[in-house]
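Participant: The structure is given below, and queries will be raised subsequently.
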Amino acid sequence: MTTLDTASAISALFNALPVLDFISRTHEAYLVGGAVRDILMGRIPLDYDIVVPKDPKALAESIAGNGGSFFKLGKNRQVVLRGHFKDHTIDLVQMEGGSIESDLRLRDFTINAMAIRLDNRSFLDPIQGQNDLANKTIRMVSEQAFLNDPLRLLRTYRFGAALHFKIDTRTESAIKAHGHLIARPAGERIREELIKLLAAPCAGEYLQKMSDSGLLFHLFPELSAALACTQNRHHRFNVLDHTLNACRHLESFLNGKEIETIASLQMAIKGIDDPLKPLMKLAMLLHDIGKPLTRSVDPTGAVHFWGHEKKSAGLAREIITRLKFSSRHTEYLCLLIKNHLRPVLLYQAHQNQSLTRKGIVRLFRSLDTHVPDLLIHALADACAKTEKACDMDPSFSGFIEDLLKNYFRDFTPRKKEAALITGRDLITLFGLKPSPTFKIILELIEEARLSQALTSREDALTLVKAWLLSNGKGG
């Protein structure tokens with residue numbers, strides 16, 4: 001990371017947002033927080049926080065009259081400006097603590113506790129945030145910062161992951177002491193910070209740090225039992241270590257690593273929408289959360305986790321609901337977790353020479369557009385069973401690659417083709433009346449078509465007739 005000197009940074013700032021020059025000529029105002037940090041890092045911010053000594057409404061109205069618009073957000077008479085500012089957002093907030101220095105000392109981290117006074121363009125850094133920025137360190141301004149807003153406990157790791165900075169040891173000690181407070185913030189606030197953390201390309205490293213400090217278990221108490229939960233002979237690690245390892249492998253895949261020789265996997269990852277990638281990591285974090293509750297040992301000493309995928313999905317749904325995820329994202333997460341063993345079961349059938357095309361099609365149909373997501377998840381899960389990904393059974397990775405090829409080259413184009421028969425055919429050709437039977441028959445025909453067991457309309461009609469006869473509905 002290259003940091004700019006303050007003069008260059010301030011010059012870049014005023015060039016990026018000319019309205020700051022207008023503000024500097026009319027009011028005492030200070031740019032604070034992330035915008036200052038980003039400018040020093042050579043980045044152009046989109047969001048700007050400006051602190052003023054008095055009620056910011058007058059300044060907001062003044063800027064609005066200069067070509068913007070504003071609306072009030074309530075607390076501290078915060079005003080957000082939008083309008084003709086090239087997609088920039090300016091938050092105007094009244095100063096806390098009686099002075100800018102006092103205001104900065106109430107902030108979360110030293111790298112966010114710097115300011116620029118706009119009228120004379122002076123740089124204020126009372127807590128040595130610029131040094132921490134240069135040393136790539138996340139350091140709390142004070143322990144009180146965590147007590148004032150416990151969400152900052154999680155935000156420590158979010159900033160660490162986003163910037164790939166180390167976390168100061170005193171800050172980590174404070175997190176260990178106050179980690180239990182993370183239960184206090186509203187679920188939606190925790191969700192937003194968690195998603196930002198997981199969106200970082202090195203989130204797995206910081207999930208491990210959260211585990212080391214204990215914050216992970218305050219955030220997800222359901223994960224606590226995973227640490228002491230040993231597994232069967234197929235796994236080298238306990239459930240928690242396996243889970244964190246799997247998160248790192250999944251992240252590596254999503255970053256385009258470890259997959260350079262697997263073209264179908266590269267294609268699959270390119271097709272996954274960016275907003276779903278942090279959700280995939282969250283699904284991996286929670287995918288075995290039900291194992292401690294389903295662990296059993298048979299008379300031979302073998303360890304089993306029968307039904308853990310369903311138990312994990314149920315526990316995950318409770319967590320996801322607690323964090324106020326949307327219904328669409330909730331169903332996506334639970335879909336991956338509930339089905340995460342299915343690729344393994346298909347592989348076992350393949351090994352036993354009992355795998356059918358119908359079994360593959362059923363997986364593809366039930367996951368639909370999220371088939372690649374599940375298969376990537378399954379491969380990362382398998383990689384995490386051993387010390388190194390290269391120790392994984394190569395036949396399993398080959399099987400996953402074949403499934404992906406099947407999905408992209410065969411199933412997806414075939415799925416877009418017209419159905420062989422419709423409900424109207426059932427009415428006109430077989431005299432049936434609309435009923436739940438329609439869905440059963442049409443699903444049967446569609447599954448057979450996608451499995452290539454049927455290739456013509458005539459074959460489909462023959463199968464319908466046979467089904468009706470065998471179910472006592474035809475003569």
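Participant: Relative to the longest principal axis of the chain, what angle (0 to 90°, nearest 10) does the C-alpha long axis of helix 239-254 take?
Facilitator: 80 degrees
Participant: Then there is this: From the phi angles alone, apply the Karplus equation (6.51, -1.76, 1.60; θ = phi - 60°) to the range 151-167 and give each ³J(HN,Hα) in whole Hz, x where the residue is Gly or Pro.
Facilitator: 4, 5, 4, 6, 4, 3, 6, 5, 5, x, 5, 5, 9, 6, 9, 7, 10
Participant: Separate question: Under the rule of at least 5 residues apart or a separate chain, name every residue whose amide H is placed under 5 Å from the amide H of ILE138.
Facilitator: Under 5 Å from the amide H of ILE138: LYS166, ILE167, ASP168.
Participant: Something else now. For the chain, give me the percentage of DSSP beta bridges that are antiparallel, rounded to the nearest 5 percent.
Facilitator: Around 70 percent of the beta bridges assigned by DSSP in the chain are antiparallel ones.
Participant: Taking the Cα centre as origin and putting +1 on Lys and Arg beta-carbons and -1 on Asp and Glu beta-carbons, what dipole magnitude results for the chain, to the nearest 20 debye?
Facilitator: Numbers: 62 positive and 54 negative charges, 263 e Å.
The dipole of the chain has a size of about 1260 debye.
Participant: Kindly provide log₁₀ I(q)/I(0) values, in the same order as q = 0.16, 0.19, 0.23 Å⁻¹, from the Debye equation applied to equal alpha-carbon scatterers of the range 142-219.
Facilitator: -0.49, -0.71, -1.07
Participant: Additional query: Whole-Hz Karplus ³J(HN,Hα) for the range 287-300, in order, using 6.51 cos²θ - 1.76 cosθ + 1.60 and θ = phi - 60°, x for Gly and Pro?
Facilitator: Each residue of the range 287-300 in turn: 5, 10, 5, x, 4, x, 7, 10, 5, 9, 10, 7, x, 8 Hz.
Participant: Calculate how large, on average over all directions, the projected area of the Cα convex hull of the chain is; give the answer in nm² to one decimal. Before the final figure, lay out the partial values.
Facilitator: Working: hull surface 117.4 nm².
It is 29.3 nm².
Participant: Taking just the C-alpha trace of the range 349-462, give me its Rg and Dmax in Å.
Facilitator: Considering the range 349-462 through its Cα atoms, Rg and Dmax are 18.1, 62 Å.
Participant: Now, a different point. Which of the listed residues, ILE259, GLN348, VAL52, is farthest toward the dipole's positive end in the chain, when Lys, Arg count +1 and Asp, Glu count -1 at the beta-carbon?
Facilitator: Of ILE259, GLN348, VAL52, it is GLN348.
Participant: Would you mind computing, in nm to one decimal, how far apart the modelled labels at GLU192 and PHE22 are, each placed 7 Å from Cα along Cα→Cβ?
Facilitator: Output for this residue pair reads 2.6 nm.
Participant: Give the Cα extents of the range 227-415 along the principal axes, in whole Å, largest first.
Facilitator: So the three principal-axis extents are 46, 42, 31 Å.
Participant: Report the calculated FRET efficiency for ARG322 and ASP273 (r = Cβ-Cβ distance, R0 = 25 Å), to the nearest 0.05. Mind showing how you got there, number by number?
Facilitator: Numbers: r = 24 Å, r/R0 = 0.98.
Once the sixth-power term is evaluated, E becomes 0.55.
Participant: Provide the per-residue ³J(HN,Hα) series for the range 91-101, in order, calculated from phi with Karplus coefficients 6.51, -1.76, 1.60 and θ = phi - 60°, each as a whole number of Hz, with x at glycine and proline positions.
Facilitator: So the J values, rounded to whole Hz, are 9, 9, 9, 6, 4, 10, x, x, 8, 5, 5.
Participant: Give the lysines reachable from LYS311 as a straight Cα distance under 21 Å; neighbours fewer than 8 places away on the same chain don't count.
Facilitator: LYS281, LYS291, LYS324, LYS338, LYS385
Participant: Which whole-angstrom value gives the distance between the alpha carbon centres of the range 49-63 and the range 332-396?
Facilitator: With the range 49-63 and the range 332-396 each reduced to a Cα centre, they are spaced 56 Å.
Participant: Let me ask something additional. Check PHE109: other-chain or 5+ apart residues with amide H under 5 Å from its amide H, H built from backbone geometry?
Facilitator: VAL141
Participant: Mind putting a number on the dipole of the range 86-162 about its Cα centre? Charges go on the C-beta only, +1 for Lys and Arg and -1 for Asp and Glu, and I need it in Debye to the nearest 20. Each step should come with its number before you reach the end.
Facilitator: Values: 10 positive and 11 negative charges, 57 e Å.
Roughly 280 debye for the range 86-162.
Participant: For a label point 7 Å from the Cα of ARG236 along Cα→C-beta, name the residues of the range 371-386 whose backbone N is under 15 Å from it.
Facilitator: 381-386
Participant: For labels at LEU227 and THR437 in the simple 7 Å Cα→Cβ model, what's the distance in nm?
Facilitator: 6.0 nm
Participant: Another question, if that's okay. Subtract the Cα-Cα distance of ASN148 and THR462 from 0.36 nm times their separation in residues, and report this length gain in nm to one decimal.
Facilitator: Details: separation 314, 0.36 × 314 = 113.04 nm, distance 7.15 nm.
Result: 105.9 nm gained on full extension.
Participant: Identify all lysines with a Cα-Cα distance to LYS415 below 21 Å; exclude those on the same chain that are fewer than 8 residues away in sequence.
Facilitator: LYS270, LYS358, LYS405, LYS439
Participant: Kirkwood Rh over alpha-carbon pairs of the range 129-279, then Stokes-Einstein at 25 °C and 0.890 mPa s: what D in µm² s⁻¹, rounded to an integer? Spell out each step's value before the answer.
Facilitator: Details: Rh = 16.7 Å.
After rounding, the answer is 147 µm²/s.
Participant: With r as the distance between the Cβ atoms of ALA58 and SER8 and R0 = 30 Å, compute the FRET efficiency 1/(1 + (r/R0)^6) and round to 0.05. Before the final figure, lay out the partial values.
Facilitator: On the way: r = 32 Å, r/R0 = 1.06.
For SER8 and ALA58, the calculated efficiency is 0.40.
Participant: For the range 423-470, what size does the Cα cloud have along each of its three principal axes, sorted from largest down, in whole Å?
Facilitator: 28, 21, 18
Participant: Can you grab the distance from the C-alpha centre of the range 439-475 to the C-alpha centre of the range 159-176, Å, no decimals?
Facilitator: 61 Å
Bear in mind these aren't lab numbers, they're just calculated from the coordinates by the rules spelled out. From a predicted model like this one, the values you see are computed outputs, not experimental measurements. Ideal geometry is used to build each Cβ from the backbone, glycine not excepted, and the neighbour counts take in all protein chains shown.
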